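What follows is a short report on a single structure.
The values are calculated or read from the model by the stated rules, or taken from the named source; none is laboratory data. This one's a predicted model, so the numbers in the text were calculated from it and none came from an experiment. Cβ atoms come from the backbone with ideal geometry, glycine included; neighbour counts cover every protein chain shown. Remember, those area values only see protein heavy atoms, side chains included, never the ligands or the DNA or RNA. Shrake-Rupley method; radii C 1.70, N 1.55, O 1.52, S 1.80 Å.
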Amino acid sequence: MSKYVLRETALDLLTRIGDQGGFSHVLLDREITKQDLSRQDGALLTEIVYGTLQRRDLIDYYIQPFIAKQKKIKPWVRWLLYMSVYQMEFLERVPDHAIIHEAVEISKRRGHKGISSFTNGVLRSVQRKGLRSLDEIEDPVERLAIETSHPKWLVKRWMDQYGTSITEDMCRANMQHLPLSIRVQPLRISRLEAMERLREDGFQVEESFLSPQGMVVSEGQLLKHPLFIEGKVTIQDQSSMLVAEMMDLEKGMTILDACSAPGGKTTHIAEKIEDQGEIVAYDLHAKKAKLVSKKAEQLQLTSIQASQADSRNLAEKHEKATFDRILLDAPCSGLGVLRGKPDIKYHKKVEDVFSLRKIQEELLDRVAPLLKEGGKMVYSTCTVDRHENEEAVQHFLKQHPEFSVDHEFFNDLPEVTKGSNGQSEFGLQLFPQDFDTDGFFLTRLVKQSN
């Protein structure tokens with residue numbers, strides 16, 4: 001693929017994601033597969049799209065002096081400027097004159113002479129005059145928000161919850177590339193054997209400290225490797241792997257996964273019980289429930305029964321005290337996964353946190369009776385907001401005195417997480433800067449036996 005076509009593709013994706021609400025990871029993966037991009041082209045496309053999204057507000061701050069007189073700028077022109085300035089300032093491989101030339105050519109093809117002249121003028125002004133300093137911003141919260149392209153309300157909220165130091169580290173971590181992590185299907189291949197095969201094929205891979213099945217891949221195109229195609233490994237963030245590891249599972253158990261799509265945790269549970277037991281998996285949407293079945297089929301696991309249901313209504317399907325274990329990986333704001341899905345931070349509002357908390361409370365209340373006495377329930381989210389995490393658990397425990405935090409949970413945690421900043425009496429909060437993972441919360445609750 002020519003660099004010109006590649007940048008046109010990047011512009012199309014940025015416009016669809018930024019102004020039409022498309023999901024960055026879905027659209028990007030689909031485009032790479034559709035065009036069968038080489039490893040190098042796929043990496044550059046990913047870099048331009050994610051890098052521009054991650055730094056959108058910072059780049060906007062940089063170019064404001066050069067576009068202030070322009071009353072109205074078409075969305076695609078604004079994204080063209082964003083991605084061009086991103087490449088000029090943050091990528092070293094391509095010279096500025098080539099970036100400017102291609103941006104002008106794209107603007108000629110998509111617009112008219114006035115737009116191409118405007119594009120050329122802005123980018124050459126950036127090249128000639130340089131970018132203004134962030135020191136012009138006096139408010140430290142606003143400065144950090146713009147520097148790291150996070151909404152100001154979110155930065156302030158995190159500072160109120162966690163303090164300045166953790167918030168700064170978290171915001172800056174969200175600007176960094178999230179390394180790919182994968183999980184072996186241990187009934188089909190060992191981690192050692194998988195690592196050896198990947199290294200022989202030129203991959204850079206290391207063990208995960210959060211799961212004995214996990215690996216971190218820093219170099220290599222996994223989606224085309226036989227181990228992935230044959231279902232011997234699957235992609236999953238390390239933080240997400242910790243869920244099944246902490247469920248205290250045994251062969252023969254009956255297990256409920258109340259919010260299961262796309263199936264990473266569900267299939268990990270099946271592997272932990274050696275595919276010997278019964279896992280009942282639900283998702284609110286039938287299409288997503290099918291993804292769980294498809295993943296189970298890919299990994300050759302037969303203990304999973306996936307179907308559509310609103311898990312707030314499972315009392316209509318199951319008797320009380322049916323399950324030995326329950327996983328509630330609850331719908332949440334997703335504020336822990338901004339490294340891999342940077343568009344989320346521009347779409348979320350503080351109201352979303354509170355509306356999602358209501359759903360989390362309803363789910364906890366409704367699935368709790370389905371757990372056997374002495375059974376254990378893991379509650380997890382991929383967010384870093386206390387209202388959805390510790391506070392949600394605390395509220396549930398007040399409403400359900402038959403439940404308590406399982407103190408063995410803290411003993412069972414991986415050594416690297418013990419005593420970390422995110423550990424509290426209600427569970428473990430993983431921050432993205434702590435272990436180079438997504439931000440994630442989990443805890444294990446036990447139902448007292450009469």
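In table form, for the structure just shown:
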read-out: Residues within the range 151-206 that are farther than 28 Å from ASP343 by Cβ and open to solvent by less than 80 Å² (accessible area, probe 1.4 Å), tallied; value: 14
read-out: Only one of LEU37, LEU27 that is in a loop (DSSP other than H, G, I, E, B), modelled with pLDDT under 90 and either over 15 Å from MET83 (Cα atoms) or in contact with a strand residue (DSSP E or B) (Cβ under 8 Å, 6 or more places away or on another chain) (or both); value: LEU37
read-out: Some residue of the range 254-261 being within 19 Å of PHE323 (Cβ to Cβ), in contact with a Lys or Arg (Cβ under 6 Å, 6 or more places away or on another chain), surrounded by fewer than 17 Cβ atoms within 10 Å (Cβ to Cβ) and at pLDDT 95 or above; value: no
read-out: Selection within the range 229-267 - of a type in the set (Val, Ile, Thr) and either closer than 23 Å to LEU370 by Cβ or assigned to a helix (DSSP H, G or I) (or both); value: ILE229, VAL243, THR254, ILE255, THR266, THR267
read-out: Selection from the range 164-200 of residues that are in a helix (DSSP H, G or I) and either closer than 21 Å to ILE32 by Cβ or hydrophobic (A, V, I, L, M, F, W, C) (or both); value: ILE166, MET170, CYS171, ALA173, LEU192, ALA194, MET195, LEU198
read-out: 2 or more residues touching a residue at least 12 places away in the same chain (Cβ under 8 Å) and in contact with a Ser or Thr (Cβ under 6 Å, 6 or more places away or on another chain): qualifying helices (runs of 4 or more DSSP H) within the range 310-413; value: 350-367, 390-399
read-out: Every residue from the range 60-74 that is assigned to a loop (DSSP other than H, G, I, E, B) and in contact with a helix residue (DSSP H, G or I) (Cβ under 9 Å, 6 or more places away or on another chain); value: GLN70, ILE73, LYS74
read-out: Qualifying residue in the range 20-43 (condition: of a type in the set (Asp, Glu), surrounded by 15 or more Cβ atoms within 10 Å (Cβ to Cβ), over 30 Å from VAL141 (Cβ atoms) and touching a Leu at 6+ places or on another chain (Cβ under 7 Å)); value: yes
read-out: The range 201-228: number of residues that are modelled with pLDDT under 95, of a type outside the set (Lys, Arg) and part of a helix (DSSP H, G or I); value: 2
read-out: First in the range 435-446 and on the phi > 0 side of the Ramachandran plot and surrounded by fewer than 24 Cβ atoms within 10 Å (Cβ to Cβ), second anywhere and at pLDDT 95 or above and among the acidic types (Asp, Glu), Cβ under 9 Å, 6 or more apart; value: none
read-out: Qualifying residues in the range 209-246 (those that are small (Gly, Ala, Ser) and open to solvent by less than 10 Å² (accessible area, probe 1.4 Å)) - the one farthest from the chain's Cα centre (by Cα); value: GLY231
read-out: Only one of ALA270, ALA306, ALA289 that is in contact with a Phe, Trp or Tyr (Cβ under 9 Å, 6 or more places away or on another chain), open to solvent by less than 80 Å² (accessible area, probe 1.4 Å) and either part of a strand (DSSP E or B) or closer than 16 Å to ARG188 by Cβ (or both); value: ALA306
read-out: Selection status of HIS400, modelled with pLDDT under 95 and not aliphatic (A, V, I, L, M); value: no
read-out: Of the criteria (1) more than 27 Å from ASP237 (Cα to Cα); (2) in contact with a Phe, Trp or Tyr (Cβ under 9 Å, 6 or more places away or on another chain), which one ARG366 fails; value: (2)
read-out: Matching residues, the range 273-286, being open to solvent by 30 Å² or more (accessible area, probe 1.4 Å), touching a strand residue (DSSP E or B) at 6+ places or on another chain (Cβ under 6 Å) and not charged (D, E, K, R); value: ALA286
read-out: Qualifying position, being at positive phi and either more than 33 Å from the chain's Cα centre (by Cα) or at pLDDT 90 or above (or both), among GLY121, GLY130, GLY114; value: GLY130
